[in-house]
Amino acid sequence: MSQVHIKTKINGDNIEFLCDPEETLLDILRDKLHLTGTKEGCGTGDCGACSITLDGKLVCSCLVLGAEADNSEISTIEGMSNGEKLHPLQQKFLDHAALQCGVCTPGILVAAKSLLEKNPDPTESEVRYWLAGNLCRCTGYDKIIKAVLDAAKEMRS
Amino acid sequence: MMVKVRIWGSLQKATDNKEFVEVEAENFKQLLDNLSLKYPKLKPQISRGVSVAIDGLIYKNSWFTPIKPENEVVLMPYMVGG
Amino acid sequence: MSPLDNTYEKQFKVIGTRPPRPDGIEKVTGKAQYGADLYVPDMLYAKILRSPHPHAKIISIDTSEAEKLDGVKAVVTSKDFSKFSDNKPSDTLVNCIAHEKALYDGHCVAAVAALSNTIAKSALKLINVEYEILPHVTDVDEAMKTDSPIVNKGYVLENVPKGFSENVTSYYEFGHGDLDNGFNNADLIVERTFKTEAAHQGYIEPHACLASMTPDGKADLWCCTQGHYNVRALCADIMGMESSQLRVTPSEIGGGFGGKTTIFIEPIALALSLKSGKPVKLVMTRDEVFKATGPTVSSSMDVKIGMTKDGVITAGEANLRYQGGAFPNGTVEMGAQSAFAAYDLKAVRTKGWNVLTNRPKQAAYRAPGAPQAIYAVESVVDELCQKLNLDPLEIRIKNAAKKGTKSSYGPTFDDIGLIATLEAAKKHPHYLAPLEENQGRGLSCGFWFNFGGDTCVTLNVNFDGTIGVTEGNPDIGGSRASISQMAAEELGISYDKVRTIIADTNSLGHNEVTDGSRVTFAVGLATIKAARAAIKEMCKRVSLIWGIDEDAVRWENGSAIPAGPNAGQFDPMSIEEIAAMSSQTGGPIAGHHEVNAEGAGVSFGVHLADVEVDKETGSTKVLRYTVFQDAGKAIHPSYVEGQMQGGAVQGIGWALNEEYIYGEDGRLQNAGFLDYRIPVASDLPMIEPVILEIPNPGHPYGVRGVGETSIVPPLAAINNAVSRATNIRFSELPLSPPKVLSSLKKEINDG
Ligand code: FES
Ligand code: FES
């Protein structure tokens, strides 16, 4: 089947690509655009490692087709810091040692950012439920939750 | 010098059902060599791998770890971890 | 004992602080490169065809149609591995690719490399495998019976007693004392049979590698692994290569927990690369990770313990039957040695049988073998305490192993931290906090041996006085930070002057895999020794400059100072000054250390768990959880806490939900994160870590491994909590809601 021509804006840049109709957005990001900060942990929507925002909505990029992204705005982990300046969530993850292996971290950061945009003052339990779709096998989540709450606090002040 | 070695339960079949055996040894390697000589039935297990605990500390395979007669020496299966 | 010049009594400057990790920014910005993140020019994508049958003879494999597909560059089967024709295939190779038989659902039978993943996937459908289906067995008790299908012949060791099928490949027995006498002295004996299912390590990053091999037999391999030196050894053997021709570079690793201590796909990628003449990338899907990489063993266990009215354990006995898939493994003997390690017993005996089944070859998982056995023992101890109306913590203290205890696995314990850990739990507010209806509190001890092993470290003093440390163990949880801390501490400089990297296989000698909680201990030890070697050299250089004896120069706070009769005669020379002159004083300065680090020192932990069981749904909520563990010395406390919390949560998952479910057809029913349910953030409370520091005499700073012990106690802690909350004694894991609910219903029906 012939490839589809897609126009998107990724992390603020206009980006066009050709994709097979059945190719996922995750595969496009990684294999075609080499934006490998977005990870694949399962490919079935169960782990959240591939979290991105598509037109402001938090999605698993493994469940989105590349072709569906036409004319959309995408944000990935690569767009989270502002040049040298880390996003407060990124900084708090470092301060709280909220990552061990770090492979879940990009997805969790993207998901947490999207939470704080909607709810700048979440409770612990709100953070836990919002991040329930992002698996982390290393940390037991403690330091992640603390880092998100602390970042929220800093961003409010 | 003779050292007294403790053999674990199922391995005692290879030492005529003896829990403790004595062999000449000044280090881990001599211990293994002389155990094999004295009790040839120990050879298959020794070649698969054994560790040794000397006074409670476990040594996986360092041949020249010294052993003294006053040490408590216990043979253990080769250790695996995760 | 060991002339280590231990300094754990001194005041530390860097050790015990929490500096940022060197790989941190890369990991929070998405720049860090994990196994699947490398792309090279002209690279092919590979996919694996796997057996849908748990046990089948492979009659033929026809790959011709697949080869004809446009974009397919190579197809391999076991025929492409000469070790099969030499008749010398290792278990590892047979596990990587099936030869005459497929041994489990998901066993690799062929692989394709193509221009894209899409083409590779289509090509798999064109491979025609003819199977003759054989009877299979996946349950451990079934597999032991004499009439069971035989999974894999020729593995039975000389030590296996008669009366079992050929699937029983090894047998171990440990213990001491007179059991009969011990049980006769008991006021109460509890005997129970327990079962645990296999749990997967569940790392979020699937196995991935990129191989590039040339016809002259040279190869480069990039992969996510816990031990690239081991990858090199295994792959070189399988490919018939010399080690020097295979360079393995570890990527960042997205979790391992033991599961990445061996290889699954690397030889396949190498063979495809050799055949196609191009670099080949091979990344597993999650489904493949579940079906074809190591989960842990599943177990069936009998435990019998006797206790007096006042809580003295008089005898303990455990029979452990572990299946670890289609190949033998060394897990059951570790379980049999660990089972009663926390107790000071006059009479104890443990027996273990290793059993083959048509399941994937088990791989190490944190403290392999210990969680199952200790779950069974700790559950029976708790039941005894409950029935005799005794405080379970007091009883643990009363019977605890201590210095001078003849351990259940043989040696007499030296200083161990168990009683201190139990006392810490007793003093903690958690222990006496009130509970409400349908809630229960569980307690369990845990134990692990910890290892050292082969380790190499090189420490270079750069011309500006900063330090480059090169070590050979993939960093799975912040170890680069703790290694830098130890180097900085020893040299008396600040943490940010040190950068630690992980070398490829050509840059250092052999390093054992990152396992057995060994890295902070063994690599730390080698780093300290390497730093001491560099200090010695720096003092020598300064002695030349000052024209005094080498022994008359001392190292203090990052500077050389004159000592003895020369004290005060010269101004101290800082590491920066010494480094700047190193060309003139003899050349670049470095220290290195190569060692087989022994004497790691065992570790104990105690966990407290509060749960609430919903009697309508059977689901269990963990309300509060506290982990007490002896770390010897916590180099970077945040990462020690992380190990304690992460291990605890993995154990909670294993206790409550995680299990391999095999159907009657021998196929794995739940090969995905939706149905194999690992804990998510909303399942859990905060996990409170309490670190104890009882120095390990085998390490210069007193470090003890911490990575594994923490997965051991949760199984029994949760089981005991649920059992107390419901007043039903459970003896099968996981305590998934349907299982708990049916027991609750049965209890109601039975009145
Ligand atoms: S990779 Fe998309 S949810 Fe796991
Ligand atoms: S830090 Fe490893 S999966 Fe989260």
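A search for C-beta distances below 6 Å between a residue of the range C:579-605 that is within 14 Å of chain B (Cβ to nearest Cβ) and within 30 Å of C:C445 (Cβ to Cβ) and any residue that is in a loop (DSSP other than H, G, I, E, B) and of a type in the set (K, R), counting only pairs 6+ apart in sequence or on different chains, returns C:G601/C:R704; C:S603/C:R704.
Here C:S276, C:S298 are screened, and the one residue that is away from ligand 2 (no atom under 16 Å from the Cβ), touching a strand residue (DSSP E or B) at 6+ places or on another chain (Cβ under 7 Å), over 30 Å from A:G45 (Cβ atoms) and modelled with pLDDT of 95 or more is C:S276. Taking (1) free of Cβ contacts under 8 Å to residues at least 24 places away in the same chain; (2) open to solvent by 40 Å² or more (accessible area, probe 1.4 Å); (3) farther than 30 Å from C:G651 by Cβ; (4) of a type in the set (A, V, I, L, M, F, W, C) in turn, A:M155 satisfies each apart from (1). In the range A:129-150, the residues that are more than 17 Å from A:H87 (Cβ to Cβ) and of a type in the set (G, A, S) form Cβ pairs under 7 Å with partners that are within 16 Å of ligand 1 (Cβ to nearest atom) and open to solvent by less than 10 Å² (accessible area, probe 1.4 Å), at six or more places apart or across chains, as follows: A:A132/C:A681; A:G133/A:G48. Given the condition away from ligand 2 (no atom under 16 Å from the Cβ) and open to solvent by 30 Å² or more (accessible area, probe 1.4 Å), answer yes or no: does some residue in the range C:200-209 qualify? No, the range C:200-209 has no match at all. Among the residues of the range C:161-177, those that are free of Cβ contacts under 8 Å to residues at least 40 places away in the same chain and either within 14 Å of another protein chain (Cβ to nearest Cβ) or not in a loop (DSSP other than H, G, I, E, B) (or both) comprise C:P161, C:K162.
Restricting C:S682, C:S710 to those that are at pLDDT 95 or above, open to solvent by 10 Å² or more (accessible area, probe 1.4 Å) and not in a loop (DSSP other than H, G, I, E, B) reduces the list to C:S682.
Within the range A:56-84, residues that are away from every other protein chain (no Cβ under 12 Å) and open to solvent by 30 Å² or more (accessible area, probe 1.4 Å) sit with their Cβ atoms under 8 Å from residues that are within 16 Å of ligand 2 (Cβ to nearest atom) and assigned to a helix (DSSP H, G or I), at 6+ positions apart or across chains, in these pairs: A:L58/A:V110; A:L58/A:A111. Scanning the range C:51-89 for residues that are more than 14 Å from C:H107 (Cβ to Cβ), part of a loop (DSSP other than H, G, I, E, B) and either among the polar types (S, T, N, Q) or touching a residue at least 40 places away in the same chain (Cβ under 8 Å) (or both) yields C:T63, C:L69, C:D70, C:G71, C:F81, C:N87.
Scanning the range C:280-312 for residues being open to solvent by 10 Å² or more (accessible area, probe 1.4 Å), β-branched (V, I, T) and part of a strand (DSSP E or B) gives a total of 1.
No other residue among A:K7, A:K39 is at negative phi and surrounded by fewer than 18 Cβ atoms within 10 Å (Cβ to Cβ) apart from A:K7. In the set (1) free of Cβ contacts under 8 Å to residues at least 12 places away in the same chain; (2) surrounded by fewer than 22 Cβ atoms within 10 Å (Cβ to Cβ); (3) within 16 Å of ligand 1 (Cβ to nearest atom); (4) not in a strand (DSSP E or B), the condition left unmet by A:S2 is number (3). Evaluating A:A97 against the criteria (1) surrounded by fewer than 24 Cβ atoms within 10 Å (Cβ to Cβ); (2) on the phi > 0 side of the Ramachandran plot leaves one unmet condition, (1). Within the range A:100-114, does at least one residue satisfy the condition of being without any contact (Cβ under 8 Å) to a residue 12 or more places away in the chain, at the interface with chain C (Cβ under 8 Å from one of its Cβ atoms) and aliphatic (A, V, I, L, M)? No - not one qualifying residue is present in the range A:100-114. Screening C:R50 with (1) among the basic types (K, R); (2) modelled with pLDDT of 95 or more; (3) buried (at least 23 other Cβ atoms within 10 Å of the Cβ) gives one miss only, at (3). Given the condition more than 14 Å from chain A (Cβ to nearest Cβ) and under 17 Å from C:P206 (Cα atoms), answer yes or no: does some residue in the range C:50-57 qualify? The answer is yes; a qualifying residue exists.
Residue count for the range B:6-52, restricted to those that are within 24 Å of C:G330 (Cβ to Cβ) and not small (G, A, S): 26.
For the structure I just gave you, tell me whether C:T520 is touching a strand residue (DSSP E or B) at 6+ places or on another chain (Cβ under 7 Å) and β-branched (V, I, T). In short, no. Taking the range A:35-54, which residues are under 9 Å from the mean Cα position of the chain (by Cα) and near ligand 1 (Cβ under 6 Å from one of its atoms)? Correct list: A:G48, A:A49, A:C50. Quick one: is B:V52 more than 12 Å from chain C (Cβ to nearest Cβ) and open to solvent by less than 20 Å² (accessible area, probe 1.4 Å)? No: the conditions fail for B:V52. Within the range A:11-30, the set of residues being within 14 Å of ligand 1 (Cβ to nearest atom) and either in a strand (DSSP E or B) or closer than 15 Å to C:L38 by Cβ (or both) comprises A:T24, A:R30.
Residues that are not hydroxyl-bearing (S, T, Y) number at least 3 in the following helices (runs of 4 or more DSSP H) confined to the range C:512-627: C:524-546, C:575-580. State yes or no: is C:G311 outside the structural domain of C:T77 (by TED's automatic domain parsing) and farther than 22 Å from A:D27 by Cβ? Yes: the conditions hold for C:G311.
Among the residues of the range C:333-359, what is the count of those that are open to solvent by 10 Å² or more (accessible area, probe 1.4 Å) and in a helix (DSSP H, G or I)? Adding up the residues that qualify gives 1. Within the range C:481-511, the set of residues being crowded, with 24+ Cβ neighbours inside 10 Å and either in a helix (DSSP H, G or I) or without any contact (Cβ under 8 Å) to a residue 40 or more places away in the chain (or both) comprises C:A481, C:S482, C:I483, C:S484, C:Q485, C:M486, C:A487, C:A488, C:E489, C:E490, C:L491, C:V498.
Scoring A:K146 on the criteria (1) within 9 Å of another protein chain (Cβ to nearest Cβ); (2) assigned to a helix (DSSP H, G or I); (3) of a type in the set (K, R); (4) open to solvent by less than 40 Å² (accessible area, probe 1.4 Å) leaves a single failure, condition (4).
The values are calculated or read from the model by the stated rules, or taken from the named source; none is laboratory data. Note that this is a predicted model, so its numbers are computed, not measured. Heads up, the Cβs are rebuilt from the backbone with ideal geometry, glycines too, and the neighbour counts pull from every protein chain shown. Keep in mind that these areas ignore ligands, DNA and RNA; they rest on the heavy atoms of the full protein, side chains included. Shrake-Rupley method; radii C 1.70, N 1.55, O 1.52, S 1.80 Å.
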